[in-house]
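The values are calculated or read from the model by the stated rules, or taken from the named source; none is laboratory data. What you see is a predicted model; the values in this text were computed from it and never measured. Ideal geometry is used to build each Cβ from the backbone, glycine not excepted, and the neighbour counts take in all protein chains shown.
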Amino acid sequence: MTRSRDRMQSPHAGHEAGPLDILVAIFSDTEAWTIPRARVDDLRRRFPDLRFLHAENDEEMVRLIPTAEVGFTSRLTERAFEAAPALRWVHSPAAGVGSMLFPAMTASRVVISNSRGMNAAAVAEHALMLMLAALRRLPEALRAQSERRWIANDLSGLPSLRGRALLVAGLGAIGCELARMASGLGMRVVGTRRETGEPLPDGVAEAHRPSALPALLPRADVVVLAAPLTSGTRGMIGAAELALMKPSAWLVNVARGKLVDQPALIQALERGAIAGAALDVFEHEPLPAASPLWSMPNVIVTPHVAGFRDDYWEAATELFAASLCRYLAGEAVANIVDKRAGY
């Protein structure tokens, strides 16, 4: 894919005189993941010399993108990319950018940045909520409440998080925030990360390379997945890994559904190979109505809402606006993604 204008040859060269088109294409079947029009209008007011093109579906994205130099989107398709000769920088309002890392994009000089860290506290809180709900058997209490049954005897001997071992697969912004919270509740936190030579994050007792995961799984009472989806992490929890976990352990996934071999997980849950799973993300979303995960008593399902926060779009547009100012000044934008690594 060739870039037609000289100024596009350097991804951080300052913007020269002339119109600059920015495509905003953030839409979803889930209303919460669709940028409000008011936020697009706010960007137009803040940057009156730029032209913001707002696409609300895939067809509009392909139609509007040819003149765009900047994309504010998390769902750039190969078809749209082929129609975008002027594109130099894409910023995602989410942390995950895996769907945009198709071969043509990865091989191009287009810079991708993301919003990693923006929702770390919200996702970590959600993971902690799932952990507490699982170990304290909240779903059973809620079912009994709906049936007006008093089940104090059934819930006797509820475990505490204090003293339990937590394995966080992925000590990024979310994983580190969760480690801090969990250690404050008395859990011993062990995690995996790509770089192990750096000082341990707050609340983390041990940090290991991802290759150590098989040795760490048998030690954990709770395993939380907080890793990005890459070619190396896809299916990182499969039948072999589930077999290494304690029968009393819970798996919590607040990262990406494709990190887990979902059929293998269902089989492990049916056999009682692990105590249960608390899942916010799934291999296919929305989770199909026919999936057995909906009705399994040892499964907690939330509909990919861990990152929800009441000021999400305010924060997302502020982060983009700050990076846009840097871009216009010829400076490197924040949170640049290593397209080869996938994050």
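Points worth noting:
- Among the conditions (1) touching a Pro at 6+ places or on another chain (Cβ under 9 Å); (2) without any contact (Cβ under 8 Å) to a residue 24 or more places away in the chain, Leu135 misses just one, which is (2).
- Qualifying residue in segment 154-171 (condition: of a type in the set (Val, Ile, Thr) and touching a residue at least 40 places away in the same chain (Cβ under 8 Å)): yes
- Meets criteria (in a helix (DSSP H, G or I) and over 22 Å from the mean Cα position of the chain (by Cα)) for Arg44: yes
- Here Thr196 meets the list (1) among the β-branched types (Val, Ile, Thr); (2) closer than 12 Å to Leu128 by Cβ; (3) more than 21 Å from the chain's Cα centre (by Cα) almost entirely, failing just condition (2).
- Hey, Leu185 in contact (Cβ under 8 Å) with a residue 12 or more places away in the chain and surrounded by fewer than 19 Cβ atoms within 10 Å (Cβ to Cβ) or not: yes
Quick grid of which residues meet (1) among the aliphatic types (A, V, I, L, M); (2) buried (at least 22 other Cβ atoms within 10 Å of the Cβ); (3) modelled with pLDDT under 95:
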{"site": "Glu195", "(1), (2), (3)": "no, no, yes"}
{"site": "Asp202", "(1), (2), (3)": "no, no, no"}
{"site": "Leu216", "(1), (2), (3)": "yes, no, no"}
{"site": "Arg219", "(1), (2), (3)": "no, no, no"}
{"site": "Val224", "(1), (2), (3)": "yes, yes, no"}
{"site": "Ala243", "(1), (2), (3)": "yes, no, no"}
{"site": "Ala249", "(1), (2), (3)": "yes, yes, no"}
{"site": "Val254", "(1), (2), (3)": "yes, yes, no"}
{"site": "Gly257", "(1), (2), (3)": "no, no, no"}
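- Taking the listed residues Arg143, Arg116, the one that is charged (D, E, K, R) and more than 23 Å from Arg309 (Cα to Cα) is Arg143, with no other qualifying.
- For the criterion of being in contact with a strand residue (DSSP E or B) (Cβ under 8 Å, 6 or more places away or on another chain) and either surrounded by 21 or more Cβ atoms within 10 Å (Cβ to Cβ) or of a type in the set (Lys, Arg) (or both), His91 passes.
- Condition met for Ala124 (out of contact with any strand residue (DSSP E or B) (no Cβ under 8 Å at 6 or more places or on another chain), modelled with pLDDT of 95 or more and in a helix (DSSP H, G or I)): yes
- Test: residue in segment 276-286 that is in a loop (DSSP other than H, G, I, E, B), at pLDDT 95 or above and more than 26 Å from Asp29 (Cα to Cα): no
- When Phe72, Phe81, Phe102 are screened for being closer than 21 Å to Gly257 by Cβ and in contact (Cβ under 8 Å) with a residue 12 or more places away in the chain, only Phe102 passes.
- Failed criterion for Ala95 (all others in (1) farther than 16 Å from Glu318 by Cα; (2) under 23 Å from the mean Cα position of the chain (by Cα) hold): (1)
- Residue within segment 178-191 that is outside any strand (DSSP E or B), at pLDDT 95 or above, over 27 Å from the mean Cα position of the chain (by Cα) and on the phi > 0 side of the Ramachandran plot present: no
- Residue match in segment 197-218 (condition: farther than 22 Å from Thr302 by Cβ, polar (S, T, N, Q), touching a strand residue (DSSP E or B) at 6+ places or on another chain (Cβ under 6 Å) and part of a helix (DSSP H, G or I)): no
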